[in-house]
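Quick notes on the structure that follows.
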Amino acid sequence: MPVRSPYPDVEIPDVSLFDFLFTGFGERAGDPALIDGSSGATITFGELEGMVGKIAAALAERGIGAGDVVALFAPNTPHYVAVFHGILRANAVVTSVNSLYTPGELAHQLADSGAQLVFTVSPFLDRAMAAAAEVGLPPQAIVVLDGAEGHTGLRDLLATTAEPPAQTVTGADTAVLPYSSGTTGRAKGVVLTHRNLVANLQQISVMGKVAGDTKILAVLPFFHIYGMTVMMNQGLHKRSTVVTMPRFDLQEFLRVISEYRVGRVYIAPPVAVALAKHPIVDQYDLSCIDVIFSGAAPLDAELGHAVAKRLGCTVLQGYGMTELSPVSHCMPDDRPDLDLNSCGFAIPNVVSKLVDPETGEEVGPGGRGELWVKGPNVMSGYLNNPEATAITLDDEGYLHTGDVATVTEEGVFTIVDRVKELIKYKGYQVPPAELEALLLTHDKIADAAVIGVHDADGEEVPKAFVVRQQDTDLTADEVMTFVAERIAPHKKVRVVEFIDQIPKSASGKILRKDLRARERASN
Ligand code: 4UV
């Protein structure tokens with residue numbers, strides 16, 4: 001039997017994300033919506049609304065309108081939020097880009113999404129220019145937020161005297177195109193509509209005690225769906241104050257929490273390791289932290305408890321996926337007693353099933369099965385990729401997550417394995433297919449396969465099995481360097497094993513199961 005969320009359904013208003021978030025600031029208009037953790041610069045709700053309108057007006061003046069795609073390639077700052085919503089308010093679509101991307105990776109996303117304009121910052125300009133040149137976008141199509149010679153800057157956009165265009169988008173229109181490899185293959189554009197994003201905010205609204213006096217830390221990137229929905233947009237929805245950090249640095253992270261008295265900190269599990277173990281944590285007054293919420297990769301309960309004890313706070317875990325806008329399951333604030341290895345209950349309006357990947361039979365409490373999720377937060381599909389969409393979304397509307405889970409009689413889900421190819425390094429996606437394609441371009445490599453293995457600290461890392469071309473010498477270091485020079489740092493191959501042959505099925509598919517078994521046998 002499909003498991004329904006134990007929570008009553010919530011109503012999903014049929015409005016644009018802008019209308020959902022920016023209506024009725026009322027007396028909160030003068031309160032801080034965003035604080036730049038590095039500089040302390042603050043933007044109030046009212047100021048943010050004004051900036052969003054100006055940016056939308058300036059984009060419309062430049063010919064950006066309904067359905068146009070604009071890339072956002074920038075670190076977390078308050079301005080990121082203004083630009084993100086300015087693009088949506090101009091009836092256009094945001095494709096959010098990983099800040100660590102190389103020019104080649106950025107070019108792929110620009111071309112695939114059909115982006116017409118790129119917002120970036122001056123330290124990223126070289127990469128943006130190289131990518132733009134590769135896909136034939138003129139330098140004028142790059143807006144540099146902090147300004148750069150020959151480029152439009154944010155100040156120029158804000159100087160417009162034009163009125164924002166009429167809003168024409170509806171809930172059914174595409175709002176964002178974040179990129180995810182999903183269960184297989186390279187990164188693909190995930191089509192999330194305004195309704196998907198509004199739905200997920202309504203759904204998570206009943207799970208956590210996030211309110212107007214909550215300060216949320218946004219150190220996880222806004223370009224990733226976790227940062228986008230759970231930090232940036234939930235913060236705006238709840239009229240909380242979001243404190244931004246452009247990157248993770250432990251000392252700065254602790255300083256910002258302590259100085260701004262942040263109460264709610266969203267993390268991925270590697271941050272929990274630092275919080276549990278690093279001696280400098282004791283040098284900061286972190287008594288302000290109420291909840292630490294972990295997602296994006298499995299959190300070990302023992303580690304979570306160590307953090308809770310050391311900081312005297314509640315630690316919770318949730319589960320999400322870009323294709324789910326992203327949250328489908330999470331531990332509610334009022335149930336810290338749940339097993340911390342679990343990711344809690346299905347959120348309102350979500351129906352889940354566990355299905356045995358071998359037999360296709362549904363599995364009940366006590367069994368393990370692939371997690372299938374249905375609800376208003378499920379993507380409408382992958383951009384221009386009906387084949388990939390058909391593999392992931394079935395006719396009944398269930399999204400096949402590629403994650404293996406268990407469920408208790410009470411409806412508590414725990415992710416226990418993954419049947420998809422995807423590797424997660426520190427919570428970030430590493431698509432094996434992309435690394436394999438890259439490895440095959442090396443003239444000394446005859447064949448290659450990549451899987452996730454666990455290092456001595458229990459961290460998942462990409463491992464390449466490599467078949468050398470006959471009569472060539474090639475070292476593991478050479479393989480790792482070759483990859484590292486061509487892709488973003490989180491996708492680096494971190495272990496290499498030379499092998500005589502990659503195990504493959506009759507149809508030529510890599511038998512990752514066999515490689516995983518080989519890996520287990522050697523440990
Ligand atoms: O597509 P993605 O990169 O998306 C994410 C989203 C994670 C979120 C977001 C909001 C939350 O509130 C939250 O709790 C988590 O990571 O990667 C999706 C894949 O990441 C793995 C799993 O393999 C997904 O298919 N993953 C995400 N969360 C967990 C996890 C988890 N708690 N335990 C195990 N694996």
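The values are calculated or read from the model by the stated rules, or taken from the named source; none is laboratory data. Remember, it's a predicted structure, so these values are computed and weren't measured experimentally. Note that each Cβ is placed from the backbone with ideal geometry, even for glycine, and that neighbours are counted across all protein chains shown. Calculation scope for accessible area: heavy atoms of the full protein, side chains included, ligands and nucleic acids excluded. Shrake-Rupley method; radii C 1.70, N 1.55, O 1.52, S 1.80 Å.
Odds and ends about this structure:
- Nearby lysines by direct alpha-carbon distance to K444 (threshold 19 angstrom, same-chain neighbours under 8 apart not counted): K463, K492
- Per residue, the accessible area of the chain comes to 40 Å² when a 1.4 Å probe rolls over the protein heavy atoms.
- Between segment 228-254 and segment 273-340, the alpha-carbon center distance in angstrom: 15
- Shown in residue order for segment 39-55 are the 3J(HN,Hα) couplings computed by the Karplus curve 6.51 cos²θ - 1.76 cosθ + 1.60 at θ = phi - 60°: 9, x, 4, 10, 10, 7, 4, x, 5, 4, 4, x, 5, 4, x, 5, 4 Hz (x for Gly and Pro).
- Cβ-defined net charge surrounding R261, 13 Å radius [Lys, Arg +1; Asp, Glu -1]: -1
- Protection-proxy order for peptides 280-290, 121-131, each taking the mean of Cβ atoms within 10 Å per residue, highest first: 121-131, 280-290
- Distance between the pseudo-spin-label points of D443 and S507 (7 Å out from Cα toward the beta carbon): 3.5 nm.
- With both residues required to sit in segment 132-249, DSSP beta bridges show an antiparallel share near 50%.
- Sorting 172-180, 499-507, 9-17 by average packing, meaning the other beta carbons within 10 Å per residue, from highest down gives 172-180, 9-17, 499-507.
- Gain in span if fully extended, S39 to D337, counting 0.36 nm per residue against the direct Cα distance: 103.5 nm
- Legend: distances between Cα atoms for K491/K513; K209/K426; K424/K513; pairs beyond 19 Å are K491/K513; K209/K426.
- Summarising the label geometry, the points placed 7 Å from Cα in the beta-carbon direction at D455 and H305 lie 2.7 nm from one another.
- DSSP bridge orientation in the chain - percent antiparallel, rounded to nearest 5: 60
- Counting DSSP beta bridges with both ends in segment 199-418, the antiparallel % (nearest 5): 60
- Each part reduced to its alpha carbon centroid, segment 18-67 and segment 446-465 end up 43 Å apart.
- Residue-by-residue Karplus 3J(HN,Hα) for segment 111-127, coefficients 6.51, -1.76, 1.60, Hz, glycine and proline x: 5, 5, 7, x, 5, 9, 9, 10, 9, 8, 10, 4, x, 9, 4, 4, 5
- Label-point gap, in nm, between T23 and I391 - each point 7 angstrom along Cα→Cβ: 4.0
- Backbone phi angles across segment 215-221, fed through the Karplus curve with coefficients 6.51, -1.76 and 1.60 (θ = phi - 60°), yield HN-Hα couplings of 9, 10, 8, 10, 9, 6, x Hz in residue order; Gly and Pro are listed as x.
- Listed peptides 91-97, 307-313 appear in the order 91-97, 307-313 once ranked by packing, highest mean of other Cβ atoms within 10 Å at the front.
- Taking a Cβ cut-off of under 14 Å around P6, the surrounding Lys, Arg, Asp and Glu residues balance to a net charge of -2, with basic ones at +1 and acidic ones at -1.
- Cα-based reach from K54 at 24 Å (exclusive), listing lysines while leaving out same-chain residues under 8 positions away: K238
- Value of [θ]222 nm, deg cm²/dmol, for the chain, DSSP H segments ≥ 4, -39500 (n - 2.57) each, nearest 500: -8000 deg cm²/dmol
- Neighbourhood net charge (15 Å Cβ-Cβ; Lys/Arg +1, Asp/Glu -1) for A132: -3
- 5 angstrom amide H check on R468, placed H, neighbours 5+ away: A446, I499
- Amide hydrogen neighbours beyond the local backbone of D403, cut-off 5 Å, H modeled: L371, V419
- Residues listed by number, segment 35-70, amide nitrogen under 12 Å from D146 label point at 7 Å toward C-beta: 38-39
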